[in-house]
């Protein structure tokens, strides 16, 4: 029998107490002066990292005089678009914006509930699914603060909590080691990309717009503006949040009917088209590898290179890591959310070698990119397998039968 099994058999053979989150925790009631905060202590929703990635230092400071205070052991949740799964276990004191919820264990419950254990509960997919089910708003959903506090959690004996935290911490450490190795590969990819995407023999210099057959831009387009609504099935609509590792993932599906699709995508996507996000975030890139019947959302450009001048995969790499990417970012506007309009995008300058050289460079970078981004091979595949294993055991470890009251 495992150590966890032994502890459960000894301390909770008939199940464990379950409680609403509000029974053991609350939102922070303390405040802090904004003037006392810096990049390391201020937490806005923008510097919480998606997919349970913790936090990074802030790139801007708050413009309000006082904010909600947080302290070590508080769990901070990004409350805009809960599906982004932004959560962080605070390790320092500071203040957070109104779009971040600071959940604090109540003083009288700190002996029975471990902060790290609560963090793992609130970073589970089960919690985020619950949060999205009760979120308010369609375009920019926000978590329902009252519903969040009604979320029921198991409260096993503290020694069981500590053993579960120890096991999950080990999984997290193993995942972090793989992430670090993968990041080193990404830096190598960036180095070789810059080297290979700076042509020694330039045969053509032109603005991006001169090298494209088509720019597909659906800024402002929604199903309702086309006389319909979102559907439960039909044609998938790809949005900015679907871009991952140079491709399109299968998360957060939105669909439109055949009738709306015909109005929306008068110019369909073809293999070889390059997709580029215009904002939130700006500059994510993917390429259409095979025929698809997708529509593209408001914050996504579809770029169709003229094959007489520009190889599609070479454009993909230029926009992902070449000099044109730097110009793309420099042409962006917006203080809170950076974005680029089509009129500026088409002005981005391109220095091109021959088509044969473009294809050669693209082939080299494709092979390198697969080592750092392809979820089917190498480190990315191992990391994905480790995450699935971690999610399986986390769900098992955090699930307890409820003791009879």
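The values are calculated or read from the model by the stated rules, or taken from the named source; none is laboratory data. None of these values were measured; they are calculated from a predicted model. Glycine gets a Cβ as well: all are built from the backbone with ideal geometry, and neighbour counts include every protein chain shown.
Based on what the data block shows, is residue 275 modelled with pLDDT of 95 or more, within 21 Å of the chain's Cα centre (by Cα) and under 14 Å from residue 218 (Cβ atoms)?
Taking the combined requirement at face value, the residue satisfies it.
Within the stretch 91-116, track down each residue that is assigned to a helix (DSSP H, G or I), over 23 Å from residue 41 (Cα atoms) and in contact (Cβ under 8 Å) with a residue 40 or more places away in the chain.
Residue satisfying the conditions is 109 alone.
Find all pairs meeting these conditions: Cβ atoms under 7 angstrom apart; at least six residues apart or on different chains; first residue within the stretch 324-340 and within 17 Å of residue 198 (Cβ to Cβ) and assigned by TED's automatic domain parsing to the domain that holds residue 277; second residue at pLDDT 90 or above and in a loop (DSSP other than H, G, I, E, B).
Between residues of the stretch 324-340 that are within 17 Å of residue 198 (Cβ to Cβ) and assigned by TED's automatic domain parsing to the domain that holds residue 277 and residues that are at pLDDT 90 or above and in a loop (DSSP other than H, G, I, E, B), the close pairs are 324/348; 325/283; 327/348; 328/283; 328/340; 328/348.
Assuming residue 175 fulfils every condition listed in (1) over 24 Å from residue 277 (Cα atoms); (2) touching a strand residue (DSSP E or B) at 6+ places or on another chain (Cβ under 7 Å) apart from one, which condition is it?
Of everything listed in (1) over 24 Å from residue 277 (Cα atoms); (2) touching a strand residue (DSSP E or B) at 6+ places or on another chain (Cβ under 7 Å), residue 175 misses just condition (2).
What tally of residues in the stretch 231-263 results from selecting those that are without any contact (Cβ under 8 Å) to a residue 60 or more places away in the chain, surrounded by 14 or more Cβ atoms within 10 Å (Cβ to Cβ) and under 20 Å from residue 82 (Cβ atoms)?
So the answer is 4.
Is it true that residue 305 is surrounded by 15 or more Cβ atoms within 10 Å (Cβ to Cβ), more than 27 Å from the chain's Cα centre (by Cα) and either outside the structural domain of residue 229 (by TED's automatic domain parsing) or at pLDDT 90 or above (or both)?
Yes: the conditions hold for residue 305.
Please go through the stretch 353-364 and pick out each residue that is surrounded by 16 or more Cβ atoms within 10 Å (Cβ to Cβ) and farther than 24 Å from residue 214 by Cβ.
357
Failed condition for residue 180, given (1) in a helix (DSSP H, G or I); (2) touching a residue at least 60 places away in the same chain (Cβ under 8 Å); (3) closer than 30 Å to residue 392 by Cβ, with all others met?
Condition (2) is where residue 180 drops out.
Okay, residues lined up against (1) surrounded by fewer than 13 Cβ atoms within 10 Å (Cβ to Cβ); (2) in contact with a strand residue (DSSP E or B) (Cβ under 8 Å, 6 or more places away or on another chain); (3) at negative phi:
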site: 156; (1), (2), (3): no, yes, yes
site: 169; (1), (2), (3): yes, no, yes
site: 196; (1), (2), (3): no, no, yes
site: 199; (1), (2), (3): no, yes, yes
site: 208; (1), (2), (3): no, yes, yes
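With respect to residue 142, is the statement that it is crowded, with 18+ Cβ neighbours inside 10 Å, within 25 Å of residue 37 (Cβ to Cβ), modelled with pLDDT under 95 and in contact with a helix residue (DSSP H, G or I) (Cβ under 9 Å, 6 or more places away or on another chain) true?
The answer is no for residue 142.
Give just the number: which of (1) farther than 16 Å from residue 287 by Cα; (2) in contact with a helix residue (DSSP H, G or I) (Cβ under 9 Å, 6 or more places away or on another chain); (3) surrounded by fewer than 21 Cβ atoms within 10 Å (Cβ to Cβ) does residue 350 not satisfy?
(3)
What are the pairs with Cβ atoms under 9 angstrom where one residue, in the stretch 8-21, is touching a residue at least 40 places away in the same chain (Cβ under 8 Å) and at positive phi and the other, located anywhere, is surrounded by fewer than 17 Cβ atoms within 10 Å (Cβ to Cβ) and not in a helix (DSSP H, G or I)? Sequence gap at least six, or different chains.
What qualifies is 15/401; 15/402; 15/403; 15/404.
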